[in-house]
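Have a look at the structure below, then the notes.
The values are calculated or read from the model by the stated rules, or taken from the named source; none is laboratory data. Just so it is clear, the model here is predicted, and its values are computed rather than measured. Here the Cβ is made from the backbone with ideal geometry for all residues, glycine too, and neighbour counts use every protein chain on show.
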Amino acid sequence: MSEVRPLLEVRGLSMAFGGLRALHDLDLEVSCGEIVALIGPNGAGKTTFFNCLTGVYAPSAGDILLNRPDGKALRLNGLLPNQITKHGLARTFQNIRLFSEMTVLENVMIGCHCRHRAGILGAILRGPATRAEEAAIIDKSYTILQHLRIAQYANDVAKSLPYGVQRTLEIARALATEPVLLLLDEPAAGLNPTETSELDALILQIRERYRLAILLIEHDMKLVMSLSDRIYVVDYGERIAQGTPAEIRNNPAVIKAYLGEDDA
Amino acid sequence: MWAELKKGAAVAVWFMFLTLPIMVVKVNPIEQTVVWRWANLVWLGAAVFVLTVVGRYCSRHRTELSAFWPDAHPLLAHPQLKRFLLIVLALLATLFPLFFSSYQINIMTTALMYAVLGLGLNIVVGLAGLLDLGYVAFYAVGAYSYALLNYHFGLGFWAALPIGGLLAAIFGVLLGFPVLRLRGDYLAIVTLGFGEIIRLILENWNDFSFGPSGIAGIPRPGLFGLTLSVDDAIMYIYYLVLLLGLITIFVVNRLRDSRIGRAWIALREDEIACQAMGIDKTKTKLTAFALGASWAGMVGVLFAAKTTFVNPASFTFLESAIILSIVVLGGMGSTVGVVIGALVFILLPEYLRAFADYRMLLFGAIMVGVMVFRPQGIIGNPRRRSYPLPMAAADQEVGHE
Ligand SMILES: Nc1ncnc2c1ncn2[C@@H]1O[C@H](COP(=O)(O)OP(=O)(O)OP(=O)(O)O)[C@@H](O)[C@H]1O
Ligand SMILES: [Mg+2]
């Protein structure tokens with residue numbers, strides 16, 4: 001191995017919706033264990049970028065390369081969302097998309113789905129192997145809930161949860177897929193300042209405990225500045241800046257793009 | 001209260017006016033006179049008045065009235081009582097044919113067949129959330145596979161039963177492929193079309209399926225080569241259907257509480273999130289279609305064996321609609337609900353025969369009533385499974401992995 005390649009390498013990614021250029025020639029890298037933020041004004045194309053990474057949209061041009069810590073390297077373009085999740089990318093959604101009629105525990109158990117294999121026959125006969133697998137899924141899901149401190153809601157229906165817990169559950173569900181890179185789309189949206197600072201600590205804990213890299217989209221500049229190792233700024237689908245929080249804070253292009261919206 | 005009465009009276013008068021030409025005026029064509037039946041008008045007015053007032057009262061107090069029928073059945077929560085009830089039910093079901101006429105047994109057999117159909121469709125509609133209006137096609141595939149295999153190759157019932165189920169499952173996958181991208185209304189329309197295509201093929205492809213005249217002389221199920229009298233055969237088929245019903249309940253419940261069943265429910269809740277969680281949408285949908293269809297296929301074989309005759313007229317859209325109604329009426333996703341739904345839906349019209357002409361009217365009123373007061377179905381809202389939680393260190397932090 002001559003050099004360590006970054007965990008995620010995005011090269012020249014472009015995405016157009018008809019005439020609208022939502023993303024244009026975007027480059028981005030995330031290394032193992034890093035927390036990287038993706039910021040930009042509303043409609044800049046941040047969520048579209050996530051959707052391209054996770055296979056919801058097929059990008060019009062560019063490469064998305066994943067170099068897994070176990071040495072496996074692959075190109076994610078053209079794969080289905082579920083295959084990409086299986087390769088180690090997990091995401092949360094900006095507008096919460098929980099399985100609202102299912103319980104909290106079941107939501108997380110769904111996240112475990114792709115790491116297990118019990119089939120139809122196993123489900124009907126429910127032999128020892130299937131029962132052991134089911135117990136392991138429950139165990140693992142419950143442990144994740146404990147880590148995120150929402151285990152007391154385990155048997156509640158997801159739609160009955162307070163808003164902040166729903167956001168945390170989205171993260172729990174994503175963790176259950178055993179990702180190497182966690183994509184968080186505005187995890188602090190709608191949270192009050194106390195909840196936001198709890199989230200700050202939680203995200204750091206998650207990185208330590210699950211040994212993964214995190215790419216997050218966020219509008220809360222305080223959170224972004226305190227969490228991120230590096231920041232990318234996009235506007236109108238183009239990258240206008242990248243650097244450490246200190247560099248970004250003083251970048252004139254960024255300040256211009258935000259037109260004083262920047263509250264950091 | 002006064003306002004309610006006034007409203008009722010107004011509706012009654014309006015109704016009396018509207019129906020005047022039909023209910024009151026009657027022309028006697030022979031004597032060329034007009035008969036005025038004023039008594040009808042009075043009765044009609046009174047009936048409409050009472051119905052309006054009662055109906056409005058009920059819909060205003062809907063929440064209170066619905067509370068009489070709680071979702072969490074406190075009686076069934078008792079495991080011992082539940083076991084006792086199940087044993088009584090099993091006894092009743094087993095002894096039923098010994099005390100009732102062949103006519104009654106036949107009706108009950110039909111009801112049980114619809115229960116199995118409902119449970120099969122429940123996988124597709126209730127669990128996976130795929131609105132399938134062409135379910136009857138798989139029923140037809142099952143029935144015709146027994147009829148044709150028997151006609152051409154002399155295949156017996158017991159050989160045809162798994163083949164019918166398997167063929168229906170294959171047809172389920174065939175239907176599943178083109179509709180993978182569709183949801184909701186669009187899916188409903190395409191599946192409706194699929195059901196009609198199968199029926200039209202059976203009706204028009206004379207060389208293959210003998211067209212509208214169908215296939216007669218299909219043998220009843222064999223019992224170790226014994227020849228059964230017609231009455232005994234009816235009883236035998238009743239027990240076969242009962243057995244199939246029990247197997248269906250067992251299998252469907254196990255599937256629902258498994259990894260696959262969870263994936264179905266997740267797919268129903270949110271398709272995009274479901275894929276983002278690593279669930280293969282294609283595979284999950286196709287398994288739902290295939291597993292749902294296979295029950296229809298097996299019931300189809302039983303149907304052919306029971307009636308000893310099949311023709312396309314038995315597989316119209318109305319059948320799909322009835323099966324879907326059973327699922328919706330019983331409560332989507334609930335096994336007990338679907339079984340009760342099937343019994344109500346098939347038995348009620350039979351026992352309402354006492355009301356002669358008003359039978360279907362009354363049946364319709366009951367359906368509307370249930371849907372108004374229990375939009376989630378008889379056993380709606382099946383209580384979500386709460387899993388026994390691992391007790392490992394409930395409060396303290398657990399070490400890494
Ligand atoms: N499916 C789609 N079809 C057409 N246009 C789309 C689609 N999805 C997003 N867009 C457009 O692409 C642009 C970028 O949207 P995107 O949701 O990625 O913004 P964002 O940076 O996430 O904004 P926000 O901060 O408000 O979440 C917007 O102009 C949006 O209208
Ligand atoms: Mg967004």
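Details
- Exactly one residue out of A:Ile120, A:Ile96 is among the β-branched types (Val, Ile, Thr) and under 18 Å from B:Lys281 (Cα atoms), and it is A:Ile120.
- Residues in the stretch A:101-117 that are in a loop (DSSP other than H, G, I, E, B) and more than 7 Å from every other protein chain (Cβ to nearest Cβ): A:Arg117 only.
- Taking the stretch B:123-208 and the helices (runs of 4 or more DSSP H) fully enclosed by it, the elements with 1 or more residues that are of a type in the set (Val, Ile, Thr) and over 22 Å from the mean Cα position of the chain (by Cα) are at B:157-176, B:184-204.
- Top-ranked residue in the stretch A:11-34 [being under 20 Å from the mean Cα position of the chain (by Cα), assigned to a strand (DSSP E or B) and surrounded by fewer than 16 Cβ atoms within 10 Å (Cβ to Cβ); ranked as nearest to ligand 2 (Cβ to nearest atom)]: A:Asp27
- The one condition in (1) surrounded by fewer than 16 Cβ atoms within 10 Å (Cβ to Cβ); (2) within 8 Å of chain B (Cβ to nearest Cβ); (3) among the hydrophobic types (A, V, I, L, M, F, W, C) that A:Ile138 fails to fulfil: (1)
- Set side by side, the residues A:Ile214, A:Ile231 differ, and just one is closer than 18 Å to A:Leu7 by Cα, more than 14 Å from chain B (Cβ to nearest Cβ), within 17 Å of the chain's Cα centre (by Cα) and within 16 Å of ligand 1 (Cβ to nearest atom), which is A:Ile231.
- Residues (surrounded by fewer than 24 Cβ atoms within 10 Å (Cβ to Cβ) and more than 7 Å from chain A (Cβ to nearest Cβ)) located in the stretch B:262-279: B:Leu267, B:Arg268, B:Glu271
- Residue in the stretch B:245-252 that is aromatic (Phe, Trp, Tyr) and either outside the structural domain of B:Ser314 (by TED's automatic domain parsing) or surrounded by 22 or more Cβ atoms within 10 Å (Cβ to Cβ) (or both) present: no
- Residue among A:Ala58, A:Ala37 that is more than 13 Å from ligand 2 (Cβ to nearest atom) and over 15 Å from A:Leu182 (Cα atoms): A:Ala58
- Scanning the stretch B:55-85 for residues that are surrounded by fewer than 11 Cβ atoms within 10 Å (Cβ to Cβ) and modelled with pLDDT of 75 or more turns up B:Gln80, B:Arg83.
- When the residues of the stretch A:61-100 are filtered to those that are within 16 Å of ligand 2 (Cβ to nearest atom) and in contact (Cβ under 8 Å) with a residue 12 or more places away in the chain, the one that is farthest from the other protein chains (Cβ to nearest Cβ) is A:Gln94.
- Hey, A:Tyr153 more than 13 Å from the chain's Cα centre (by Cα), within 14 Å of chain B (Cβ to nearest Cβ) and crowded, with 17+ Cβ neighbours inside 10 Å or not: yes
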